[in-house]
Amino acid sequence: MNDAILAVDAGSSSVKFGVFALPAARDGELARLVHGQIEGIGVAPRFSAVGAGGETLAQDDVADVATQFDHQAALSHTLDWLVQHLSGQRLAAVGHRIVHGGSLFAEPVRVTPRVLSQLEALVSLAPLHQPHGIAGIRALAERLPDVPQIACFDTAFHRTQPAVAQLFGLPRELSGDGIRRYGFHGLSYQYIASQLPKYLGTDSDGRVIVAHLGNGASLCALRGRRSVASTMGFTALDGLLMGTRCGGLDPGVVLYLIEEKHMTTVQVAELLYERSGLLGVSGLSSDLRVLLASDKPAAAQAIDLFVYRIVRELGSLAAALGGLDALVFTAGIGENSAHIRQRVCEQLGWLGLKLDRAANEVHGPRIGTADSPVSAWVIATNEEQVIARGALDELLRARASPPSGH
Ligand code: ADP
């Protein structure tokens with residue numbers, strides 16, 4: 001039997017997973033044996049799995065009665081499939097993506113009843129995301145009671161930001177209560193930071209901005225491959241325009257909606273998280289591909305705003321860094337949309353960035369010209385690798401210093 005680590009990312013309507021073989025390679029990377037997902041939970045759940053060589057291993061509709069197929073059922077289905085298909089592997093640990101670690105967690109942590117209640121106390125800070133991660137932990141702990149469950153946090157990577165980058169201009173006692181900027185997408189940024197030396201060489205420790213552009217979208221400023229600033233703040237609503245989230249908004253708008261439009265807090269939350277962003281502005285779709293294919297003026301304007309917000313926030317992070325050495329695009333849109341990358345890069349000429357259009361059309365990896373003072377890249381993210389690696393590190397830490405029993 002060989003040991004392996006299961007990485008789980010339970011989102012609002014999907015559960016993604018990856019199984020990684022131990023031990024790690026010399027560069028610290030873990031070989032991925034299989035990965036896949038169940039999407040369409042609650043609507044029309046569909047399971048797919050892909051092998052190490054990119055071959056399709058499964059692609060099935062998984063439930064007759066879609067409404068009864070929840071996250072717990074999705075994880076059970078995944079585990080049943082893994083037990084059948086990975087007969088030579090023993091799970092040494094399960095790593096979970098947890099969106100919010102608050103001020104408490106700067107590293108992966110083994111889940112105990114105490115940790116679980118600490119994670120639950122953070123639900124109010126990420127009401128749409130945190131419950132899914134916690135449900136994933138509960139479901140797998142029940143099925144695999146002897147396997148360590150390890151929580152890995154999207155906020156943890158940003159704990160290196162200077163104090164001033166984490167502060168809001170609110171009365172001091174509120175910061176003490178935890179009302180401050182946390183930043184998200186940290187597992188993705190950590191992966192990109194780990195890959196930078198391969199692409200950028202010595203420049204990797206310079207002033208780098210990573211653009212994680214997916215359904216959720218944010219930017220992170222790195223120096224010395226550590227986070228120094230990011231566009232997401234207290235919640236995953238701030239910063240860029242996203243698929244269905246508004247991004248940065250004058251807080252006065254929220255007051256106006258409550259006072260003048262008589263909206264409840266539940267209605268405002270639903271508006272800002274679910275009905276805004278590309279979907280709200282276009283009135284058509286949250287999927288960039290649909291908007292790019294549309295000839296409706298509102299779709300074009302939604303894309304214009306998406307690009308405009310990225311360019312403005314890039315300027316802000318470049319100012320925080322005191323200049324820019326490299327720009328990296330990642331996630332669904334960042335990795336796949338040459339159109340968006342071109343429009344962003346062409347507006348960054350003032351920073352010295354020169355786009356190589358042909359390289360951009362084939363997705364790089366290097367998309368800036370050889371003489372561009374600011375280099376530009378496309379690097380695929382791999383959050384599951386970071387989760388698996390974080391789980392392994394926590395296992396090794398625990399073995400090196402077993403609990404004292406006090
Ligand atoms: P999530 O935040 O859900 O993990 P992803 O990183 O998978 O999101 O990104 C999803 C987004 O990527 C969608 O808006 C989708 O339209 C966009 N996307 C994927 N492929 C392409 C493509 N070829 N061109 C433009 N956009 C794309």
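The values are calculated or read from the model by the stated rules, or taken from the named source; none is laboratory data. Small disclaimer: the values here were computed from a predicted structure and weren't measured. Don't worry about glycine lacking a Cβ; one is built from the backbone with ideal geometry, like all the others, and counts go over all protein chains shown.
Here are the numbers for this structure:
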| item | result |
| --- | --- |
| Residue within segment 384-406 that is at pLDDT 95 or above, crowded, with 20+ Cβ neighbours inside 10 Å and over 22 Å from the mean Cα position of the chain (by Cα) present | no |
| Close pairs (6 angstrom Cβ cut-off, 6 or more residues apart or separate chains): surrounded by fewer than 24 Cβ atoms within 10 Å (Cβ to Cβ) in segment 199-228, in a loop (DSSP other than H, G, I, E, B) and among the acidic types (Asp, Glu) anywhere | Asp203/Asp325; Gly206/Asp325; Arg207/Asp325 |
| Unique residue being within 14 Å of the ligand (Cβ to nearest atom), without any contact (Cβ under 8 Å) to a residue 12 or more places away in the chain and surrounded by fewer than 22 Cβ atoms within 10 Å (Cβ to Cβ) when the list is Val281, Val290 | Val290 |
| Within segment 182-232, tally of residues that are among the hydrophobic types (A, V, I, L, M, F, W, C) and closer than 15 Å to Ala318 by Cβ | 10 |
| Odd one out for Ile134 among (1) loosely packed, with under 15 Cβ neighbours inside 10 Å; (2) without any contact (Cβ under 8 Å) to a residue 60 or more places away in the chain; (3) touching a helix residue (DSSP H, G or I) at 6+ places or on another chain (Cβ under 8 Å) | (1) |
| Residue within segment 329-350 that is away from the ligand (no atom under 16 Å from the Cβ) and touching a Ser or Thr at 6+ places or on another chain (Cβ under 8 Å) present | no |
| Single condition Val268 does not satisfy, out of (1) assigned to a helix (DSSP H, G or I); (2) over 23 Å from the mean Cα position of the chain (by Cα); (3) in contact (Cβ under 8 Å) with a residue 40 or more places away in the chain | (3) |
| Strands (runs of 3 or more DSSP E) (entirely within segment 3-52) containing at least 1 residues that are under 16 Å from the mean Cα position of the chain (by Cα) and within 16 Å of the ligand (Cβ to nearest atom) | 15-21, 31-39 |
| Residue check, Leu104 buried (at least 17 other Cβ atoms within 10 Å of the Cβ), within 25 Å of Phe184 (Cα to Cα), of a type in the set (A, V, I, L, M, F, W, C) and in contact with a helix residue (DSSP H, G or I) (Cβ under 8 Å, 6 or more places away or on another chain) | no |
| Helices (runs of 4 or more DSSP H) contained entirely in segment 88-192, each with at least 2 residues that are touching a strand residue (DSSP E or B) at 6+ places or on another chain (Cβ under 8 Å) and of a type outside the set (A, V, I, L, M, F, W, C) | 130-143 |
| For Gly186: the one exception among (1) at pLDDT 95 or above; (2) crowded, with 24+ Cβ neighbours inside 10 Å; (3) within 23 Å of Gly364 (Cα to Cα) | (3) |
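Listed here are the residues, each with its yes/no results for (1) at pLDDT 90 or above; (2) within 30 Å of Gln166 (Cβ to Cβ); (3) within 19 Å of the chain's Cα centre (by Cα).
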| residue | (1), (2), (3) |
| --- | --- |
| Leu57 | yes, no, no |
| Ala74 | no, no, no |
| Ser87 | no, no, no |
| Gly95 | yes, yes, yes |
| Glu107 | yes, yes, yes |
| Val111 | yes, yes, no |
| Ser117 | yes, yes, no |
